[in-house]
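Here is the structure we will look at.
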Amino acid sequence: MNNTRRRNTTAFTFMAWASFIGAFLAMFIGIYTLEESLSVKGYFAVCALFLTMSAFVLQKVIRDNLEDGYGNRKRNTAAFTFLAWSSFALALLGMFIGIINLEQLLSVKGYYAVTALFLTMSSFVLQKTVRDNNDDEPLLPLVENKVEEL
């Protein structure tokens, strides 16, 4: 790695975690308070978890494949890449089919749609941030030594 500085500040890392936790809580508080049967609530809970996990996996696969373009080693097969993309698409589709068919006011449907998108985006950002911080960890002593030299 050519960088000698961290890619994410502590504040950015905090915001990535806070937005993910906020989106996750907003989705599940909304599901808990939804005035529908337990089976409908369960459907949305499973879709939310599937969407979250597939977003994490997709972001990892995209980044792995991009980084693998620079070397000979391939971390993900074409089949796994297809699985990551298709599971994410299926999770997103499942969530929005459920929202469209939800027999609630448009404002309630909008809440779930926005929360699902917020949860998806915050999952992508958190996965990227955690991976960047992990990749940058060996650089931390280099940065601290440079600061001490100055």
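At-a-glance table
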read-out: Residues located in region 1-12, provided they are assigned to a helix (DSSP H, G or I) and either aromatic (F, W, Y) or buried (at least 17 other Cβ atoms within 10 Å of the Cβ) (or both); value: F12
read-out: Residue count, region 58-83 (criterion: among the hydrophobic types (A, V, I, L, M, F, W, C) and under 18 Å from A116 (Cα atoms)); value: 1
read-out: Filter result (within 24 Å of the chain's Cα centre (by Cα) and not aliphatic (A, V, I, L, M)) within region 34-45; value: K41, G42, Y43, F44
read-out: Residue list for region 67-111, restricted to those being more than 30 Å from L34 (Cα to Cα) and charged (D, E, K, R); value: E67, D68, R73, K74, R75
read-out: Hey, A84 within 19 Å of the chain's Cα centre (by Cα), among the small types (G, A, S), exposed (fewer than 12 other Cβ atoms within 10 Å of the Cβ) and within 29 Å of D135 (Cβ to Cβ) or not; value: no
read-out: Residue list for region 16-32, restricted to those being out of contact with any Leu (no Cβ under 7 Å at 6 or more places or on another chain) and under 11 Å from Y111 (Cα atoms); value: A26, G30, I31
read-out: Residue that is nearest to R63 (Cα to Cα) [pool: residues in region 105-136 that are surrounded by 14 or more Cβ atoms within 10 Å (Cβ to Cβ) and more than 20 Å from the chain's Cα centre (by Cα)]; value: K109
read-out: Some residue of region 43-50 being without any contact (Cβ under 8 Å) to a residue 24 or more places away in the chain and of a type in the set (F, W, Y); value: no
read-out: L58 vs. criteria of a type outside the set (G, A, S) and over 22 Å from L126 (Cα atoms); value: no
read-out: Region 93-107: number of residues that are under 16 Å from A45 (Cβ atoms), of a type in the set (A, V, I, L, M, F, W, C) and free of Cβ contacts under 8 Å to residues at least 60 places away in the same chain; value: 4
read-out: Conditions (1) in a helix (DSSP H, G or I); (2) surrounded by fewer than 14 Cβ atoms within 10 Å (Cβ to Cβ); (3) over 17 Å from the mean Cα position of the chain (by Cα); number of the one not met by I21; value: (3)
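Values quoted throughout were computed directly from the atomic coordinates according to the rules given, and no laboratory measurement underlies them. As the structure is a prediction and not an experimental result, all values here were calculated from the model. Glycine also receives a Cβ, built like all others from the backbone with ideal geometry; neighbour counts cover every protein chain displayed.
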